[in-house]
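All remarks here apply to the structure that follows.
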Amino acid sequence: MCFANKKAIKQTCYLLQCDVKKTRLDTLKCIQAELKQGLLTADVEYTDMMQLWKAFWLVLYKEDKTEIQEQIAEDVAALIFETPTLKEFLEAYNLDSEGNPIGQAEQQGEEEEEQLEDDSDIKDLKKELAKMEENEEEYYEEYYEEGYEEGEEYYEEEEDFEEEEVAPAKVKVSAKKAAEPEKEEQQEEFDFVDRNLEHKGFSTLFFQCALETFAREWPTVDIHRQSKFMYMIRQTIQQAILFGLKKDEYANIIEKLDQLIFNLDLMNMLQMPQSLILHILDIWVDMIRFVSSKYENFNKDDLKNIMIPIINFTTKDITPQILAAITEDIFNEFTDLQFERTEALARFLTKELSVKELKKAKLSDYPLQNVIQALSAQKDAKNQEPLLEFAANLSEYHELFNSPEYDAAIKRNPDGTIMNQQDIDNEENNYIISRDNVKLAKRRHKKEWINHVYKMDGIVHYTKDNVNVKNYEDDYLPKKYRYLEKEQRDVGNWDDIDNDGYSIREKDQEE
């Protein structure tokens, strides 16, 4: 049993990271089979889950075969479907939303009703005493004779009552002392329930420990092993979002991403690597398209909730590299015209509300465009310009989607299929250049030129290489060729044009 007790959990973590490959893989299969039942019965704490995720990380770290690496990453990510949610945990133990037994809650309700009745009797007694104090003389005159006659009998009954009370009181004290060991034994059960309520279920705890492990272990990964861990992170986030949508845990999953990844203060405190943030941003749009296509009930509120953490993160003082990744990889791709109507994200957008309509609408009913505008208008909000531009692009994208012009705006190949973004970039950036300029550029830039030209049918073409152009943008030809093509003129000697496409001679004359 992998989760029979604390000792078994530690033994399982040890076997996951041992040097014997077969033992590691067999232990992982055992976890897949026993995780759900084990979490419901074993007292798994936060530290146990962190140790388990550390072991998952080491399993992948020690695997060298690509196919097995991918299988391990997918299996570990899919384990979230074997973790009980808070609702499933409470149902398994017959508890209410506050962690109390359902029968006990009814009993407490009856006791509260009885207590209310007792309280009403006490109130009546207090009123009677107050009346006695106000009419003290009249009251004593009225009941003096009756009290005098029955006084002796009354005091005898009271003495008997006090004697009867002594023995039960001692019994209660001894019973209380006897019950103390039982309470100590039950305290662990109460802590077990309280921890689940605090973590909002094992599924949320599982995903939280996954994100914390990624942030902690990512700096230790060398470049040769980076790809398999990037795949694990991608699979884990995608499966968690899909799990949240299917199990009604979507809000908790997004909340953990917002708290642990898109949190600038935590990122600075933990010295979280920027490359991890960039990688998660890189998969964000793919993740949106993934869940919107895999989950039938995906709606506009789900899309808005999945974008709000990104918008909030953009309003912070983030680095230029992260801001560029958000604007290029998410904002631009969001409104990309390379999808049919049944696949475009515009089908989850609504019309932007006017100022008058916003005053009447609830904040939860705001369209995504208005949410972006509201968040960018907050005090100390950064990067307002790209956010407002994104909101405007969303409105235009929504209007275009609801017009017949949308189908005409999609670029297609000669066979009628939609042209992907890479083909569009190649079509826009590939053009023929003269042999003379090729010779000049090749002589000037030497080996670097090889990365930017290719030959097809004996004709030399210029090809945009995103990585190299970004690195060497200020060094050579892309800007020059764009300028020459735009102006449609031949300036003659290549060396008379600077990197920005301006004539060097004209600059010299102006100076």
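The residues of segment 33-68 that are among the polar types (S, T, N, Q) and under 24 Å from R195 (Cβ atoms), listed by number, are Q37, T41, T47, Q51.
Taken together, the residues in segment 322-336 that are over 17 Å from Q384 (Cβ atoms) and surrounded by fewer than 18 Cβ atoms within 10 Å (Cβ to Cβ) amount to 5. Of all residues in segment 219-248, those satisfying the criterion of being buried (at least 18 other Cβ atoms within 10 Å of the Cβ) and either free of Cβ contacts under 8 Å to residues at least 24 places away in the same chain or over 13 Å from the mean Cα position of the chain (by Cα) (or both) are V221, K228, F229, M230, Y231, M232, Q235, G244, K247. Restricting segment 61-95 to residues that are closer than 19 Å to E217 by Cα and buried (at least 19 other Cβ atoms within 10 Å of the Cβ) leaves a set whose member that is nearest to the chain's Cα centre (by Cα) is A77. In segment 281-295, the count of residues that are outside the structural domain of I311 (by TED's automatic domain parsing), surrounded by 14 or more Cβ atoms within 10 Å (Cβ to Cβ) and modelled with pLDDT of 90 or more is one or more. Considering the conditions (1) touching a Phe, Trp or Tyr at 6+ places or on another chain (Cβ under 7 Å); (2) surrounded by 16 or more Cβ atoms within 10 Å (Cβ to Cβ); (3) charged (D, E, K, R), K300 is excluded by exactly one of them, (2).
Restricting segment 25-52 to residues that are closer than 19 Å to E88 by Cα and among the charged types (D, E, K, R), which is surrounded by the most Cβ atoms within 10 Å (Cβ to Cβ)? Selected residue: E34.
Among the numbered conditions (1) in a helix (DSSP H, G or I); (2) at positive phi, the only one that S364 does not meet is (2). Residues that are under 22 Å from E67 (Cα atoms) number at least 1 in the following helices (runs of 4 or more DSSP H) confined to segment 208-272: 226-247.
State whether the residues of segment 248-265 include one that is at pLDDT below 90 and farther than 30 Å from F348 by Cα. Yes: segment 248-265 contains one or more residues that are at pLDDT below 90 and farther than 30 Å from F348 by Cα. Of all residues in segment 381-406, those satisfying the criterion of being in a loop (DSSP other than H, G, I, E, B) and either under 24 Å from the mean Cα position of the chain (by Cα) or surrounded by 15 or more Cβ atoms within 10 Å (Cβ to Cβ) (or both) are A381, K382, N383. Within segment 43-51, at least one residue is in a helix (DSSP H, G or I) and among the acidic types (D, E). Taking the condition out of contact with any Lys or Arg (no Cβ under 8 Å at 6 or more places or on another chain), under 28 Å from D191 (Cα atoms) and assigned to a helix (DSSP H, G or I), does L28 pass? When the stated conditions are applied, L28 does not pass them. I'd like the residue in segment 76-98 that is part of a loop (DSSP other than H, G, I, E, B) and touching a strand residue (DSSP E or B) at 6+ places or on another chain (Cβ under 9 Å) and, out of all such residues, is farthest from L39 (Cα to Cα). In this case the residue turns out to be N94. Would you tally the residues in segment 280-324 being under 26 Å from D380 (Cα atoms), over 18 Å from the mean Cα position of the chain (by Cα) and part of a helix (DSSP H, G or I)? Residues in segment 280-324 being under 26 Å from D380 (Cα atoms), over 18 Å from the mean Cα position of the chain (by Cα) and part of a helix (DSSP H, G or I): 4 in total.
The values are calculated or read from the model by the stated rules, or taken from the named source; none is laboratory data. Keep in mind that what you see is a predicted model, and the values were worked out from it rather than measured. Using ideal geometry, Cβ is built from the backbone for each residue, glycine included, and neighbour counts are taken over all protein chains shown.
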